[in-house]
Amino acid sequence: MIELQDVAIKVLPESSVHGISNIAWALSTISGSSIYFGKMDLMAKTASDSVEEFKPQFLANTADAFVYKSMQHLSSPLFFSMSQQASLVPTGFQPQELVQFFWAFANMNHHPLDDFFDSLNSLVQKESFMSTSLFKNLS
């Protein structure tokens, strides 16, 4: 497992945003707290540097990876940048991704989602909010 972690961290800087999200999720799932904080800090920095390219699915999966029950790795800059990116793409979230994203932020309870909630509120106030991809599956 240590070799797998080392290889994953080595390829992290050259990975796509999908790859970054998958590496974070996979390592947190299989390794949990055995990943050293330095490795998680590197993963958080790499994700933060690319967060503007993250789709809602990658935002949800990455947030989930950092708060996974055995991980609980706090990265304020990463969570701040993910909340900002989420506020730019609120209609892209599927219901499960939205729940996953909210759950992750709730577990790291001092990371505000004000901008994201404002974006969602703007959608709800529009007449056509039920036609957005976020609410389509809920109606």
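Observations on the model:
- Pairs where the first residue, in the range 1-23, is more than 25 Å from Lys55 (Cβ to Cβ) and the second is of a type in the set (A, V, I, L, M), C-beta under 7 Å, 6+ apart: Met1/Ile30; Gln5/Leu27; Gln5/Ile35
- Qualifying residue in the range 105-116 (condition: modelled with pLDDT under 85 and outside any loop (DSSP other than H, G, I, E, B)): yes
- Candidate set: the range 84-112, residues that are buried (at least 19 other Cβ atoms within 10 Å of the Cβ) and over 14 Å from Asp64 (Cβ atoms); chosen: the one farthest from the chain's Cα centre (by Cα): Pro90
- Count of the range 1-33 residues, restricted to those that are among the β-branched types (Val, Ile, Thr) and within 16 Å of Phe58 (Cβ to Cβ), is 4.
- Residues in the range 27-82 that are at pLDDT 75 or above and of a type in the set (D, E, K, R): Lys39, Asp41, Lys45, Asp49, Glu52, Glu53, Lys55, Asp64.
The values are calculated or read from the model by the stated rules, or taken from the named source; none is laboratory data. What you see is a predicted model, and the numbers here were worked out from it, not measured in a lab. Reconstructed Cβ throughout: ideal geometry from the backbone, glycine too, with neighbour counts over all protein chains shown.
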